[in-house]
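For reference, the structure is listed below as structure tokens.
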Amino acid sequence: MNLSPLQKARYEYTPKLPGMLRNGIADICVKEGSETQSVADQDQIKALFPNTYGKKEVTFEKGRNTSAPKKQVVGVILSGGQAPGGHNVICGLYDAIKATDKSNVLLGFKGGPSGLIEDDYVEFNDEFIDAYRNTGGFDIIGSGRTKLETEEQFAIVTEVCKKHGVTAIVIIGGDDSNTNAAVLAEYMAAHNTGVQVIGCPKTIDGDLKNEDIEISFGFDTATKTYSELIGNIERDANSAKKYWHFVKVMGRSASHVALECALETQPNICLIGEEVAEKKMSLSQIADQIADSVAKRAANGDNFGVAIIPEGIVEFVPEFSMLIKEINELLAGSNTEKFNALPTWEDKYAFIKAGLSADAMAVFEVLPQGIQQQLFLERDPHGNVQVSLIESEKLFSAMVKEKLAKMKEAGTYKGKFSAQHHFFGYEGRCAFPSNFDADYCYSLGYNAFMLIQYGYTGYLSKVSNLSKPAEEWVAGGMPISKMFNMERRNGKDKPVIRKALVELDGKPFKYFEAHREAWAVETAYTYPGAIQYYGPTEVCDLTTRTLALEKG
């Protein structure tokens, strides 16, 4: 296999572990803290998880290992979208397993949770693992989005585990995947299978986060990757001086990625969905905000700029959410076929106008025709609008263009406006992990085996104090049920991990809020450059601006 020089060098990088995990397996003891409860709906959650609810938080410390020795056969799966560092979670898990006992086994189930159901796996060895150390992607065993949530699935998984003598399963995933991990752990405990289940917190969106989970893995690398690209675009904009660049970034349910990239690059505009929802902003008000920046910069002779837009922004706009709801109802049942049978867009437009309320139609009429058609032509298998496919970067640039034309007629704008559009998503999901993510992920995997060795189940591998050097990181675990609340899903109340949104009273947003008015008019761009892997610690081991501000 042909390798790039960076690949070769990264294979040889030794990830840094928290101080207490560097003592050697025989010298790691566990300290239990206080019992826990879920963030909400305690009685309901406790009733659903009688065997795994309310367990104690744990921390690993230097001391004599008191765990009972036994042969361990551990299964691991990657679940959901890719995030940089996933390979290192598996490498850390493997190294801890083998450091404890060379006869221990790590099985990688292929293609995500479905690999457990289909009994499709590979047994890892040194040569296999060494080919993936410190690399991006999930290609070591692949990933998938199958949910483990039915009794039938659990029964199959139990039989697969029994067949291979599996003693524990590690699920590496986001909020939904770790919700499934907790449900599987409860099933295994209730049926006395002896199989433990441990989760690891992954998502580049940054919304698997709370007082215990300071950051989900992959967020650091992905935001650094996007910020490099945005910085490059800012430099280009400032060089050519003739384009406004509208950049959409990942973040369907929360705006953490957009905020972090704004803190890194200081663009003229960054929309924060949580603020849009809080202020009940309309599409027109958002476009006004951008157009105001365009006009003020043009008055200074700057007919260029950069705007960052989170992927899920339109879902935070109350009037747009109302429109989507009405469209979904309008096309329910056989109406979809009737609509699709109409020969022209004019006919379809008349159908839409007859079916929507006056308020919803008023919002619909504001949209550029291309976006209007996207709302009706792109449907999911249930007939609903695929909001994630809406090109919001093009939506807002088109709305801004219209507003500027009216301002020009009124004599309040005399500049030139030309837009370029970008969507940064896949570019960050499989990047070579930063040193932070390489270290953090390796620690999460190593730590996950310590939880297994000490008999814990239904726990999330937890490494904290992450704004400090790795030597000072604190390793341990927390019951996944601590993060649960009840939410309505598909007509039923279900226990799920509460998504973490951008906190509008938090330090990262407050810093952004204090500076954005100046950034909107000035050319205050900063250029993060490429992720640095080798060199001074203050350059190579930087954490995110978000985490640095949160931890002071």
Determine whether Lys325 is surrounded by fewer than 15 Cβ atoms within 10 Å (Cβ to Cβ), of a type in the set (Lys, Arg) and closer than 18 Å to Ser388 by Cα.
yes
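Does Gly80 satisfy being surrounded by 18 or more Cβ atoms within 10 Å (Cβ to Cβ), within 27 Å of the chain's Cα centre (by Cα) and modelled with pLDDT of 95 or more? Show your work before the answer.
Details: surrounded by 18 or more Cβ atoms within 10 Å (Cβ to Cβ): yes; within 27 Å of the chain's Cα centre (by Cα): yes; modelled with pLDDT of 95 or more: no.
So Gly80 fails the test.
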So if I check each of Ala354, Ala341, Ala405, Ala358, which one is within 16 Å of Ser284 (Cβ to Cβ), out of contact with any Ser or Thr (no Cβ under 9 Å at 6 or more places or on another chain) and of a type in the set (Gly, Ala, Ser)?
Ala405
Here is a check on your reading of the model: is Lys209 of a type in the set (Lys, Arg), closer than 17 Å to Tyr440 by Cα, in a loop (DSSP other than H, G, I, E, B) and in contact with a helix residue (DSSP H, G or I) (Cβ under 9 Å, 6 or more places away or on another chain)?
yes
Any residue in the range 1-26 that's more than 21 Å from Asn65 (Cβ to Cβ) and in contact (Cβ under 8 Å) with a residue 12 or more places away in the chain: show its pairings with residues that are of a type in the set (Val, Ile, Thr) and surrounded by 13 or more Cβ atoms within 10 Å (Cβ to Cβ) at Cβ separation under 8 Å, as long as the two are six or more apart or on different chains.
Gln7/Thr135; Arg10/Thr135; Tyr11/Thr135
Residues that are more than 28 Å from the chain's Cα centre (by Cα) and closer than 24 Å to Lys98 by Cα, drawn from the range 21-43
Arg22, Asn23, Gly24, Ile25, Ala26, Asp27, Ile28, Cys29, Val30, Lys31
List pairs: first in the range 236-264 and at positive phi, second at pLDDT 95 or above and surrounded by fewer than 24 Cβ atoms within 10 Å (Cβ to Cβ), Cβ under 7 Å, 6+ apart or cross-chain?
Lys241/Asn303
Candidate set: the range 254-280, residues that are of a type in the set (Val, Ile, Thr) and in a helix (DSSP H, G or I); chosen: the one surrounded by the fewest Cβ atoms within 10 Å (Cβ to Cβ)
Val276
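So, of the residues in the range 467-513 that are aromatic (Phe, Trp, Tyr) and within 21 Å of Cys261 (Cα to Cα), which turns out to be surrounded by the most Cβ atoms within 10 Å (Cβ to Cβ)?
Pass one, the range 467-513, residues aromatic (Phe, Trp, Tyr): 473, 484, 509, 511-512.
Remaining after also requiring within 21 Å of Cys261 (Cα to Cα): 509, 511-512.
Numbers: Phe509: 21, Tyr511: 16, Phe512: 24.
By that ranking, first place goes to Phe512.
Please state which one of Ile215, Ile230 is part of a helix (DSSP H, G or I) and buried (at least 24 other Cβ atoms within 10 Å of the Cβ).
Values: Ile215 fails: part of a helix (DSSP H, G or I).
When all the criteria are applied, what remains is Ile230.
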Taking the range 204-236 on its own, how many of its residues are in contact with a Ser or Thr (Cβ under 8 Å, 6 or more places away or on another chain), of a type in the set (Val, Ile, Thr) and under 18 Å from Cys270 (Cβ atoms)?
3
Could you go through the range 448-458 and let me know if any residue there is closer than 22 Å to Asn180 by Cβ, surrounded by fewer than 20 Cβ atoms within 10 Å (Cβ to Cβ), in contact (Cβ under 8 Å) with a residue 60 or more places away in the chain and not basic (Lys, Arg).
yes
Set Leu330, Leu283: member being more than 19 Å from Thr412 (Cβ to Cβ), surrounded by fewer than 19 Cβ atoms within 10 Å (Cβ to Cβ) and either touching a residue at least 60 places away in the same chain (Cβ under 8 Å) or in contact with a Leu (Cβ under 8 Å, 6 or more places away or on another chain) (or both)
Leu330
Is it the case that some residue within the range 289-296 is surrounded by 19 or more Cβ atoms within 10 Å (Cβ to Cβ), at pLDDT 95 or above, in a helix (DSSP H, G or I) and of a type in the set (Lys, Arg)?
no
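Can you confirm whether Gly86 is crowded, with 16+ Cβ neighbours inside 10 Å, over 30 Å from Lys494 (Cα atoms) and small (Gly, Ala, Ser)? Full working, then the answer.
On the way: crowded, with 16+ Cβ neighbours inside 10 Å: yes; over 30 Å from Lys494 (Cα atoms): no; small (Gly, Ala, Ser): yes.
Taking the combined requirement at face value, the residue does not satisfy it.
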Which numbered condition Met188 fails, given (1) of a type in the set (A, V, I, L, M); (2) part of a helix (DSSP H, G or I); (3) closer than 19 Å to Ile141 by Cβ
(3)
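For the range 472-552, which strands (runs of 3 or more DSSP E) that fit wholly inside it have 3 or more residues that are farther than 30 Å from Asn51 by Cβ and free of Cβ contacts under 8 Å to residues at least 12 places away in the same chain?
Details: elements: 474-479, 484-489, 492-497.
By residue number, no strands (runs of 3 or more DSSP E) qualify.
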Single unsatisfied condition, Asp207 versus (1) more than 17 Å from Val502 (Cα to Cα); (2) charged (D, E, K, R); (3) surrounded by 21 or more Cβ atoms within 10 Å (Cβ to Cβ)
(1)
Val89 of a type in the set (A, V, I, L, M), in contact with a Ser or Thr (Cβ under 9 Å, 6 or more places away or on another chain), part of a helix (DSSP H, G or I) and touching a residue at least 12 places away in the same chain (Cβ under 8 Å):
yes
Extreme residue, farthest from Gly92 (Cα to Cα), among residues of the range 139-178 that are in contact with a Phe, Trp or Tyr (Cβ under 9 Å, 6 or more places away or on another chain) and at pLDDT below 95:
Glu151
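The values are calculated or read from the model by the stated rules, or taken from the named source; none is laboratory data. These numbers were taken from a predicted model, which means no experiment stands behind them. Heads up, the Cβs are rebuilt from the backbone with ideal geometry, glycines too, and the neighbour counts pull from every protein chain shown.
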